[in-house]
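The structure appears right after this line, and notes come after that.
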């Protein structure tokens, strides 16, 4: 075990924490030495997540019970607003992969406006790197703190950044119609995520008011080199995992969908996790479930000059814990796919 | 029973046929005298649909075994292309409510282009009325043949026709992002509608190539008074019933979403089946399941000048059998809600 | 409206309350004059249940805001232990149909043992009639207080009472393997009924410790004329509605499954809601969903002398609100099927 | 690649074949060199299973196009009755792991009775080993042909064999109430496994007539040392994967459930895949989904002398492809868990 990297998971009682553990237990270079969850402290992990029984995991403890000196890296799966103080309290030698929203928005004012709380740790924000692996790979390698993107931004930005960067689509007319499985809402108790309410039907939520919108806009604005506003309309779909993004875009004059397709295909051709839907196959979340993959698709619209762009991923994997592990691999100079080779599970 | 209207259901072994029967058995003015289904002819209905056991239904027979002389009205639930000849063969006194696609498209060329077969019965098309109940009510009352709209067009047109008619939104920039439950694909055996394949995930299908697009365009073009092309992007969602339509539209200069909301609200204020989502409630298919209702919603977009429009309905009821029954009520001068008073089933 | 029966629903913010309303709004002899729900008092019904919008329902109020003098009957959908005091406070002229567990168990000691609280209102218990409609019909007609059975006991007793009464099966060897949809757990917030946890999998719960066991035993003991203990093993299945009961029983010597089938068939032959699975059809909850029906089945076991018995129903209808309405019909001398004619909804 | 074991998958277009591939691509000692599927021959794998895109898999071919000389082991995922001739045609050096039913039943007469076809290859049957890994481990290690058990028998026998062997329960009174997810029915097109029919409800099927019954009886008879008949009552549950077995058993006089629990716990204490439900946790298929694990539980019945026994597994993994891979590991002297370390996926 001498050459393993010792990790802790803070906030191990939520879905992002548990899916990180699901993946990490099979990572050949990771040793899980601490799991924290304040309300469940003192319990064995299998009491909180029975599917994680018999994996030799440490019991859950409070943050202040952990001996941080022997820990190399921390994955943080806390809710937003609670992460920043916890991360600030960690020793300097620890490299942090944060799966919360606290360090995603570069602008403190935007953070406060959308999350309703102050960001007090400007020092941490200074050194935080936005953890969209394929697009900030070099920065991530050297980072001490990586802010993993939200699940929606991961899908949307993977799909749109190359097209906006190269000026193929109009960044000011982007219609992002998003659909998510219910696990995206977390393990907290809410009436609208009860099986009887969320099942056998589909609803809209947070229309034009979802916190992932400013995050998407932040990154698209950088790519477009001017401030961008997007339509972002999320829906809740009766499946536990999975996210389906349909973007309706206006191409720059004279372009066609084949150019868009080829641009994405070329851009990601060496990427292990990003791939185009094979000819004849339309994207489906079933095809990436449980894996760190993103499937992209490009289709002609009936309205001339417009294009339909699609991306699917598993919100708990590439949309959260998987990308966190991918970033960990980058930070510790491991092969980027280590521990993430799992093929999608279908059916 | 003397004053009951005698009906037959042609094609009673599919979902639209069976849902028509589910509703019709509780209609106080309907007597079901014949059910046809060629491949299942000779069987009692409960062998084909056990949930319809013990309702006193006649056994399934072939079309040519029916004594049409005693029948007042026929509901036709056949697949497209097979309806026209069957309907043509019926005696003249029978009023027909067709739930297939054969007489929805006014233009024979468009029909052939999208359905791949000729429309041979131009005579029938001459007298067919498009059965969008709230918009063609007067024509339907006198019609001998009503072509009920497709499920998607019913939702989309209910949502958009008033706004296009009054010039509130730009008809040439309509993005229609549509999501349907699996029953919309019918009872035929297809791999992608198996439980193991369609469950726990979401897919796109027939992108920019769905047969309901020209139907939507036909009616919007009339309202807009010029030829309209729409974006129409359908998705398959893991629920049996339900359809969720999200339209992303550009408002005419100077307008705002409140005007759109009020226009729809006013337009449909006397309608028994169409209503606006109450303040604080976002549309969900769960709220209309099993009923003939359509819930509409209007929301501001983050992109100035744009509006997000939503409609939900049950594809088998208002999207098919329910609207067929509503049209029947109109044709026979009954209260339009007769047999359709069922409140939605939730959960 | 003069000849309508005026009802109130106490506890209208739960699933049994809302499903009672779903059915009652279509009942030709019912006028809903009051809906109560203490925590939601003051709200319109559509804020609590959007699917009940636009039905002309009164707003939710607290119990003490209701003018009980004009009310003829009350449906009580409160949780157990809270019903008895509320019911005791109602004026004497009101006939009560209680859907809670407070008056199901005749023995106060058994009630306390299983529900953990005292039954203080012995006076009410004295006059309470057990509301298994088909088996206590005459008592229900004259009752001022009807205690509707639990969902599981309704299914189990409908299936077993005739066989035990006539001595066809051994009442001391009954294995009741029960499976329920998630709505049976109510609308309260529990982790195990979240969509992400209850979906795509099946679990056991309350094994040999479910409160419906003593209720089943109470009624079977009467039929068997001696104290009976049963195996009762409930499971949670990923569907909102529906209950599937599989009973594994030992027949009395010399009997065979055909005798059991014929006995049940004959026993219920005039019943509008109870029917045998047609030859060639195995029971499925899909076949009774949304309706007040119970489908029964009888099958030979591979072990000689044993029989497999099945019953399916919709836990919110025949298992709760529907049977309550059936009892109401009996109490007010209406046709027993009034307001309950809805055919099952499939798919 | 020199030291990898070269495998082929025959019948790679079904769910057992595809799940075998899902697991095998991550097995460090396996090289997949051929995939066969007669009707899909010539297609790349991603056309048949898009979730297996980009894994470097060989295209599908016909059996007779494969160069068998370079192949060490074959996994056979064909339907029953078709396997025996295909396996017989393979060169002798190939070791075969058969996931079909052709060599599970030792008695040719029983095979014919339940599967309706002759078993012609008695020679193969002579050397076939029943592949219940934990119970036939030594035989499997040396086998040239392993007949992997059915999904139900795997769960039932894992649960019951130790208790029957040690005489703790009465083998002649076993009530096996079984519940399966829909993928157990395979990828073939059947009306009852359509999403709209199998969803949101539960049904019984093949009551006392399922082909896994004689397989269970065969093995229990060996353990009991006399011919055993069992009750076996399968149900279909709306989930893709997962199997829940509830056995209602009579204990031998004087025994109690704790003895049964301890016996199972001790029996399987060194097994990597079999474990008892932790105290306070009831079995759920969600806890083993996607993994090769079996969770067992033992509970007291209300009827004295009886015990309730439970087992859950993923029908496509431990119930089929996972156990096949476990047997492969045994046959090739690899660590038994190689390629099977994946933790369950929840939610």
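What follows is calculated from the coordinates using simple rules that are stated; it is not laboratory data. The structure presented is a predicted model; accordingly, all values stated were derived computationally and were not measured. Cβ sites come from the backbone with ideal geometry, for glycine too, and all protein chains shown count toward neighbours.
Given the rotation that superposes chain D on chain C, what residue of D brings its beta carbon nearest the axis, and what is the distance in Å?
D:177, 2
When a/c reaches 1.5 or more, the comparison of a/b and b/c decides; with that in mind, is region D:199-347 rounded, prolate or oblate per its Cα gyration tensor?
rounded
How much of the pair distance distribution for the protein assembly as shown lies past 52 Å, counting alpha-carbon pairs only, in percent?
27
Can you list, shortest first in nanometers, how far residue B:28 lies from the same residue in the other copies, with each label 7 Å from Cα toward Cβ?
0.4, 7.6, 7.6
Please work out whether region B:80-197 counts as rounded, prolate or oblate from its C-alpha gyration tensor, where a ≥ b ≥ c are the square roots of the eigenvalues and a/c under 1.5 means rounded, while otherwise a/b larger than b/c means prolate and anything else oblate?
oblate
Provide the packing ranking of A:77-84, A:228-235, B:334-341, i.e. peptides ordered by the mean count of other C-beta atoms within 10 Å per residue, highest first.
Top to bottom by mean Cβ count within 10 Å: A:228-235, A:77-84, B:334-341.
For a paramagnetic label modelled at 7 Å from the Cα of residue A:64 toward its Cβ, which residues of region A:89-120 fall within the zone defined by backbone nitrogen distances under 20 Å?
Inside the label zone: A:89-92.
Test of understanding: what is the full-extension gain from residue C:333 to residue C:112, defined as 0.36 nm times their sequence separation minus their Cα-Cα distance? Write out the running numbers ahead of the final one.
Numbers: separation 221, 0.36 × 221 = 79.56 nm, distance 3.46 nm.
Using 0.36 nm per residue and subtracting the Cα-Cα distance, I get 76.1 nm.
Sorted from shortest, what are the nm distances separating the label point of residue D:206 from equivalent points in the other copies, each placed 7 Å from Cα along Cα to C-beta?
Result for residue D:206, in nm, nearest copy first: 3.2, 3.5, 4.5.
Evaluate peptide A:292-304: per residue, the Cβ atoms of other protein chains within 10 Å of its Cβ; return the mean as an integer.
Counting other chains' Cβ atoms within 10 Å and averaging over A:292-304 gives 4.
How high is the relative contact order of region A:152-315, in percent, with contacts defined as C-alpha pairs under 8 Å that are six or more residues apart?
Reported relative contact order: 30 percent.
Take the alpha-carbon centre of region A:1-75, take the same for region D:50-93, and report the distance between them in whole Å.
Spelled out, the Cα-based centre of one part sits 41 Å from the other.
7 Å from Cα along Cα→Cβ at both residue C:262 and residue C:341: what's the point-to-point distance in nm?
My value for the distance between the label points is 3.5 nm.
Rg and Dmax in Å for region A:24-100, alpha carbons only: what are they?
For region A:24-100, the Cα-based Rg and Dmax read 12.6, 34 Å.
Is chain A best put as rounded, prolate or oblate by its Cα gyration tensor, with a ≥ b ≥ c the root eigenvalues, rounded for a/c under 1.5, and otherwise prolate when a/b is larger than b/c, oblate when not?
Prolate is the answer for chain A, as a/c is 1.5 or above and a/b outweighs b/c.
What percent does the relative contact order of chain A come to when contacts are Cα pairs within less than 8 Å and at least six residues apart? Please list the in-between numbers first.
Values: 739 pairs, mean separation 59.1, N = 347.
Here the relative contact order equals 17 percent.
Would you please give the FRET efficiency between residue A:252 and residue A:137, computed as 1/(1 + (r/R0)^6) with r the Cβ-Cβ distance and R0 = 22 Å, to the nearest 0.05? It would help to have the intermediate numbers written out before the result.
Numbers: r = 27 Å, r/R0 = 1.24.
That pair, residue A:252 with residue A:137, gives E of 0.20.
At 7 Å along Cα-to-Cβ for each site, give me the label-to-label distance between residue D:29 and residue C:227 in nm.
With each label point 7 Å from Cα toward Cβ, the separation is 6.0 nm.
Per-residue mean of other chain beta-carbon atoms within 10 angstrom of the beta-carbon, peptide B:335-343?
Going residue by residue through B:335-343 and averaging, the value is 3.
Considering only DSSP beta bridges where both residues belong to the protein assembly as shown, give the percentage that are antiparallel (nearest 5).
Values: 98 of 222 bridges.
Roughly 45 percent of the beta bridges in the protein assembly as shown run antiparallel, per DSSP.
Report, in deg cm²/dmol and to the nearest 500, the calculated mean residue ellipticity at 222 nm for the protein assembly as shown, where each DSSP H run with n ≥ 4 adds -39500 (n - 2.57) and the sum is divided by the residue count.
Estimated from H runs of four or more residues: -7500 deg cm²/dmol.
Sort out for me the Cα centre separation of region D:237-272 from region D:296-343, rounded to whole Å.
When both Cα centres are located, 11 Å separates them.
Report, for chain C, the % of DSSP beta bridges that are antiparallel, rounded to 5. List each step's numbers first, then the result.
Values: 23 of 54 bridges.
Of the beta bridges lying entirely in chain C, close to 45 percent run antiparallel.
Within a 10 angstrom radius of each residue's Cβ in C:205-213, how many Cβ atoms of other chains show up on average? Whole number is fine.
On the way: counts 2, 1, 10, 9, 3, 1, 0, 0, 1.
What the average comes to for C:205-213 is 3.
Distances in nm, one decimal, shortest first, from residue C:304 to the same residue in every other copy, taking the label point 7 angstrom along Cα→Cβ.
3.0, 8.3, 8.9
If you restrict to DSSP beta bridges whose two residues both lie in region C:152-315, what percentage is antiparallel, to the nearest 5?
Percentage antiparallel, nearest 5: 70.
Calculate I(q)/I(0) for region C:178-267 by the Debye formula, one identical point scatterer on each C-alpha and no solvent, and give its log10 at q = 0.19 Å⁻¹ to two decimals.
Ignoring solvent entirely, the Cα scatterers give -0.99.
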